[in-house]
Structure formats: C-alpha cells, structure tokens
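Please read the structure below before turning to the comments.
No lab work stands behind these numbers, since they all come straight from the coordinates. Quick caveat: nothing in here was measured; it's all calculated off a predicted structure. Note that we place each Cβ from the backbone using ideal geometry, even for glycine, and neighbour counts take in every protein chain shown.
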Amino acid sequence: MNKELRKGINPSLILALLENESLYGYALIERLMLKTGGALEWKEGTLYPLLHQMEAKGWVQSEWQVAEGRRRKVYSITKNGRGELQKQKEEWVALQSAIGSVLGESI
C-alpha cells in the first residue's frame, strides 16, 4: 500500500487499536499485523514518534509498567482520543463513500 496514503490513517489506526485495551508499542505493531493479515505494518521508527505526537495532543497517555520482569511503556486512549477517533471514523466513512462514488464502477 502507498506509504503516503498510510501515513494519514496511522493515528486513526493507533486510536482504534487502543479503543478497548491498553498496549505497549511492540504489541501495537503485532496487533496491526495480525488484524490486517500483514497488509499493514509499522516500523518502530514510525510508531514511536506518532505515539509521542498523539500524547502531546492529549489523544493517548502512557505509563511505565513492569510485565514479565521488563519495564514497558503502555499506551491508552484518553477521553479526547475517543472523541478524535469518533471524528476520524466519521471522516473515513465519508471519504470511502466519496471515493466509492468515483471508483465504484471501475473496481
């Protein structure tokens, strides 16, 4: 999939993955691969800067936790993040509909 196309949807995907559970960075990478059957993937160099930006915007929060003897930074969605996710879902549905109107006959 086109890198630029994916770039804009990454925050929505992160928020959606955090909607029902808190996850550490590598678990987010694994979950995306699993849910998309490997069609989408993040490198650490893509994911962590996005998480920091989203934390600065108040969409996610993080805390250090110890699991299996290792410290991990675990991310969870905030109330503002839930609002942003809903907004992005609505925008995605509208975009899909608009693109489908144009491409529908040629697909």
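Placing +1 on each Lys and Arg Cβ and -1 on each Asp and Glu Cβ, with no other charges, gives the chain a dipole about its Cα centre of roughly 280 debye.
Contact order, relative form, for segment 33-75: 21 percent (alpha carbon pairs under 8 Å, 6 or more residues apart, mean separation divided by residue count). Between the entries [x] 24, 18, 13; [y] 28, 16, 11; [z] 48, 9, 8, the label attached to semi-axes √(5λ) of the Cα gyration tensor in Å calculated for this structure is [y].
How would Met54, Met33 line up from fewest to most surrounding beta-carbon atoms within 10 angstrom? Spell out each step's value before the answer.
Details: Met54 24, Met33 14.
In increasing order of surrounding Cβ atoms, one gets Met33, Met54.
The local environment of Ala67, defined by Cβ-Cβ distances under 15 Å, has a net charge of 0 under the rule Lys, Arg +1 and Asp, Glu -1. The mean sequence separation of alpha-carbon pairs under 8 Å and at least six residues apart, normalised by the residue count of the chain, gives a relative contact order of 27 percent.
For an R0 of 30 angstrom, estimate the FRET efficiency from the Cβ-Cβ distance between Lys89 and Lys43 and round to the nearest 0.05.
On the way: r = 25 Å, r/R0 = 0.84.
Calculated value: 0.75.
Sequence-ordered 3J(HN,Hα) estimates for segment 90-96 from the Karplus curve with 6.51, -1.76 and 1.60 and θ = phi - 60° stand at 4, 5, 5, 4, 5, 5, 4 Hz, glycine and proline given as x. If R0 is 25 Å, the Cβ-Cβ spacing of Ser97 and Asn20 corresponds to a FRET efficiency of close to 0.45.
Computed from Cα atoms, the angle from the helix 3-18 axis to the main principal axis of the chain rounds to 50 degrees. Cross-link partners of Lys73 among aspartates and glutamates, defined as those whose alpha carbon lies under 12 angstrom from its own and excluding same-chain residues fewer than eight positions apart: Glu63.
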